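Okay, so here's the structure we're looking at.
Just so it is clear, none of the values below were taken in a lab; they were calculated from the coordinates. None of these values were measured; they are calculated from a predicted model. Here the Cβ is made from the backbone with ideal geometry for all residues, glycine too, and neighbour counts use every protein chain on show.
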Amino acid sequence: MNRSAARLPLLALVLLLPALCWAAVGKVALLEGKATRTPAGGAAVAVAVGTELEVGDLLTVGKGNLKLQLNDDSVIMLGDGSTLTLDEASFGGQERSFLATLGIGKLWAKVSKAVGKSKFEVKTDKAVAGVRGTIFRIDAKTLLAAANGKPRNVTVVAVTKGVVDVTAKVKKAAQADAPALARDGGRKQIAPPFKEISKDQWEDKFVQLQANMKVTVGDDLWQEATLAPTDKPDLFDAFVGKNQ
């Protein structure tokens with residue numbers, strides 16, 4: 001064998017290395033309106049049906065909706081004005097690992113059945129939703145009307161099928177000091193004002209949501225509820241309904 005022939009396998013391996021280092025985690029399956037993909041360290045480019053996605057991509061939906069098909073057969077849909085960063089993805093072997101961050105907007109997911117210690121998580125600035133073979137929706141939004149009259153960011157996780165574990169850090173509720181009771185000669189009762197808690201006084205909250213349950217999470221908000229018929233569907237629900 002001559003030297004040129006011996007070098008061919010090595011040359012083929014060198015040419016193949018970039019392709020091995022870059023692995024698509026899924027692709028755009030459906031697009032209504034406009035959306036962009038911004039690779040890590042790169043510039044935003046418009047996406048179309050068939051566009052492949054990779055770890056580190058920031059997906060931004062303009063006016064419209066976007067459907068993604070992941071390589072493990074899971075499906076993600078994003079609503080109008082949503083941003084999603086693909087933080088981690090590994091679908092090799094029998095264990096799956098997928099982590100994404102919803103910056104703002106609406107996300108619906110149908111997660112393929114997990115195997116072994118597989119992990120599928122979607123996080124926002126308020127909570128982390130971890131799932132194993134389920135259908136759920138997560139909204140990261142701003143409530144314009146809050147208890148103190150100021151807008152606040154909240155995350156809403158609603159489960160249609162399966163189980164979703166939701167964890168978050170929430171400010172501990174403010175408590176009043178117990179008033180000193182009158183004693184020894186009729187000393188007067190003292191009623192001190194409520195104390196404000198400092199920013200570092202947080203508590204870990206956890207709930208395992210079953211089908212038809214939801215939770216709303218904010219800095220100082222943790223509200224569990226059931227999905228009610230009075231919950232009106234929105235335009236994103238309509239998109240999901242016809243494209244599942």
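Summary table
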quantity	calculated
Cross-link table Lys169/Lys214; Lys34/Lys169; Lys119/Lys169; Lys27/Lys63; Lys110/Lys141, entries beyond 24 Å C-alpha to C-alpha	Lys34/Lys169
Whichever aspartates and glutamates have a C-alpha closer than 16 Å to that of Lys126, once near sequence neighbours (fewer than 8 apart) are set aside	Asp139, Asp165, Asp200, Glu203, Asp204, Asp219, Asp220, Glu224
Cut-off 10 Å between beta-carbons: net charge of the residues surrounding Val159, Lys and Arg +1, Asp and Glu -1	+3
Linear extension gain, Ala211 paired with Lys117, 0.36 nm per residue minus alpha-carbon span	31.6 nm
